[in-house]
Amino acid sequence: MSYWWRPLLLLAGLILIGGLFWLAGRPLAGLGIVTAGLALQLAHHLRQLRRLDAWLAAPQTAPPSSDGLWGDVLYRLHKHLRAGRAANQHATANLEQMLHAARSLPDGVVILDDANRITWVNAAAGRHLGLSAEHDLGQFVLYLVRGARFGAWLTDPPGAPMTMPAVTARDTTLSLQMVPLPHGSKMLLTHDISDLVRVDAMRRDFVANVSHELRTPITVIVGFLEAFADMDMPDPKLLKNHLGLMREQTERIRRLVDDLLTLARLESDMELKEDVVDLPALALALLHEAKTLSGDRHQVSLEPSCAARLRGSQQEIHSALGNLVSNAVRYTPAGGQITLSWAATAEGGAAFSVSDTGEGIEPENIPRLTERFYRVDKGRSRATGGTGLGLAIVKHVLARHQARLKVESTVGKGSTFSAVFPAERVISPEKPAEADRSAGQAAA
Ligand code: ADP
């Protein structure tokens, strides 16, 4: 405000001098002085305006130096411009960041205008719907993403999400959602739900399989119970026979429930016990189990094994390897040979193998053996008390120990199932004290 006084004082001075000349009887001289003074002021302001104009053409440079009223005006203008520029830069950086985030979102985003033309598309939408940010901007989305269902869903007012296969990969399932934006625009979101769909299908299959597995023994038991209800005095021999069969079916249900509970426990991510598993001792126990199960129907042997120890759950490893042993006995006809062995692997790990001279497995079935309820020989599996869950349990147990199941088989000759443990699970004999201590710590 103080800067206004100078031009006002100048003006007042001019008027005073002109007035004095007027009073002194020289009005023309007074008028001339006032006019000259005003002309000078005008010329000064015009010059400043020209400098201001030149500066505004390139406002990022420093403002012209001035003092007085113009200095004040230019200083304030410069301040405002600088603040505006800073706010702009901040907004641009924010926008860039948001665009970058939107571009790299795992979900697809397509912005459509009021006529369903594509105005923006991110990389995931490109993958899901086969759209490209370079070529498809401005195109009608319905020309590029075809399908009557999609067309109807897009043109109807946005409602519930819709699922459809991805344009680029038919085995990928997408969930599509529409979000209305101002001025009739919309945001189309695509989310890959293939895993959910797969898990859901697996869950349904699993429930159907369990129900099927339970139905047969339950039907048998109910049948016998109904037969008993109709009999006045059951024949004791028949009764004994029927009770025996009922017990067999009940056993079958119990085994199935036990295996299901084991699987559920393994899947519940419970903490792994880190015992020290003595391999030679475990191999001897498994040899004994194999002989008991076989009941002298097979030749069972144990090859000299490495004297290593493993870090892991004694109970889980024993049960998994026991499953391999039991399968070898169950799927090898009488007179066959079953060989157990522990060996060090080239990578410093250890592998427990069970080889049999059984019927063998066709190569196409091998990758599916660890699926729940997958059986190559259904009849033999059921007849020998199999639940179809044994190898699924083995796979889980091994995965918890970072180990893997290796299957080699030749139809008509036999199979070798190996549990291969990695080097980090093996406690080398040179460092027993350290190994014991670390196992103790992990268990604690
Ligand atoms: P099951 O309870 O039916 O034995 P598993 O999960 O243990 O279930 O095994 C799955 C299937 O793998 C079995 O039904 C059988 O067909 C096949 N299988 C497993 N081990 C052997 C083996 N040693 N020799 C031949 N087939 C085998």
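The table that follows gives values for the structure above.
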| item | result |
| --- | --- |
| Only one of Ser313, Ser319, Ser355, Ser305 that is under 17 Å from Ala281 (Cβ atoms) and more than 36 Å from the chain's Cα centre (by Cα) | Ser305 |
| Helices (runs of 4 or more DSSP H) fully within segment 1-104 counting 1 or more residues that are of a type in the set (Gly, Ala, Ser) and in contact with a strand residue (DSSP E or B) (Cβ under 9 Å, 6 or more places away or on another chain) | 68-103 |
| Whichever residue in segment 402-426 is among the polar types (S, T, N, Q) and more than 9 Å from the ligand (Cβ to nearest atom) and, among such residues, is farthest from the chain's Cα centre (by Cα) | Thr410 |
| Flag for Gly68 being at positive phi and either out of contact with any Leu (no Cβ under 7 Å at 6 or more places or on another chain) or in contact (Cβ under 8 Å) with a residue 60 or more places away in the chain (or both) | yes |
| Which listed residue is within 26 Å of Arg252 (Cα to Cα), surrounded by fewer than 22 Cβ atoms within 10 Å (Cβ to Cβ) and in contact with a helix residue (DSSP H, G or I) (Cβ under 7 Å, 6 or more places away or on another chain), from Gly385, Gly349 | Gly385 |
| Residue match in segment 306-329 (condition: open to solvent by 60 Å² or more (accessible area, probe 1.4 Å), assigned to a loop (DSSP other than H, G, I, E, B) and either within 12 Å of the ligand (Cβ to nearest atom) or free of Cβ contacts under 8 Å to residues at least 24 places away in the same chain (or both)) | no |
| Residues that are within 7 Å of the ligand (Cβ to nearest atom), in contact with an Asp or Glu (Cβ under 8 Å, 6 or more places away or on another chain) and of a type outside the set (Val, Ile, Thr), drawn from segment 360-401 | Asp377, Gly388, Leu389, Gly390, Ala392 |
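Conditions (1) in a loop (DSSP other than H, G, I, E, B); (2) free of Cβ contacts under 8 Å to residues at least 12 places away in the same chain; (3) touching a strand residue (DSSP E or B) at 6+ places or on another chain (Cβ under 6 Å), marked per residue:
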site: Ile338; (1), (2), (3): no, no, yes
site: Ser341; (1), (2), (3): no, no, yes
site: Gly348; (1), (2), (3): yes, no, no
site: Ile366; (1), (2), (3): no, no, yes
site: Arg372; (1), (2), (3): yes, no, no
site: Leu391; (1), (2), (3): no, no, no
site: His396; (1), (2), (3): no, no, no
site: Ser415; (1), (2), (3): no, no, yes
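This table checks each residue for (1) touching a Ser or Thr at 6+ places or on another chain (Cβ under 6 Å); (2) in the same structural domain as Phe352 (by TED's automatic domain parsing); (3) closer than 27 Å to Gly358 by Cβ.
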position: Ala283; (1), (2), (3): yes, yes, yes
position: Leu302; (1), (2), (3): no, yes, yes
position: Ser313; (1), (2), (3): no, yes, no
position: Glu316; (1), (2), (3): no, yes, yes
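The values are calculated or read from the model by the stated rules, or taken from the named source; none is laboratory data. Just so it is clear, the structure is predicted and the values come from calculations on it, not from any experiment. Cβ sites come from the backbone with ideal geometry, for glycine too, and all protein chains shown count toward neighbours. Remember, those area values only see protein heavy atoms, side chains included, never the ligands or the DNA or RNA. Shrake-Rupley method; radii C 1.70, N 1.55, O 1.52, S 1.80 Å.
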